[in-house]
């Protein structure tokens, strides 16, 4: 491990000490856990941005052949999943 220094507010240190005592862990361990959470959130954010970018690239590139898909997408989805859409009503424009 690499030793580093961080500056925390008095309130942060007070809360960290209390939590460390409750969890029977060191303050350093809690700080490492916090860093891991921040890094994981950033990774998830980057992955979501990449998925969004890829979705935008393919949008409009395929044709369903259904002229009312934008209006009746729920109906078509239910039909594809259950093969029994008798309780669903197609919306007429």
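Bear in mind these aren't lab numbers, they're just calculated from the coordinates by the rules spelled out. Predicted, not measured: the structure shown is a model, and the values here were computed from it. Reconstructed Cβ throughout: ideal geometry from the backbone, glycine too, with neighbour counts over all protein chains shown.
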Handout entry: Distance cut-off 14 Å, percentage of C-alpha pairs in the range 10-62 lying past it
Key = 67 percent
Problem - Cα-based Rg and Dmax for the chain, where Dmax is the largest Cα-Cα distance (Å) - result: 25.7, 67
Handout entry: Top of 64, 26, 82 by mean-square fluctuation, Gaussian network on the chain, Cα under 10 Å
Key = 82
Handout entry: Relative packing of 6-13, 67-74, which averages over residues the other C-beta atoms within 10 Å, highest first
Key = 67-74, 6-13
Handout entry: Folded to 0 to 90 degrees: helix 10-23 orientation relative to the chain principal axis, Cα
Key = 80 degrees
Completion exercise
Note to self, the chain gives a 222 nm [θ] from helices alone (DSSP H runs n ≥ 4, -39500 (n - 2.57) apiece, / all residues, nearest 500) of -22000 deg cm²/dmol
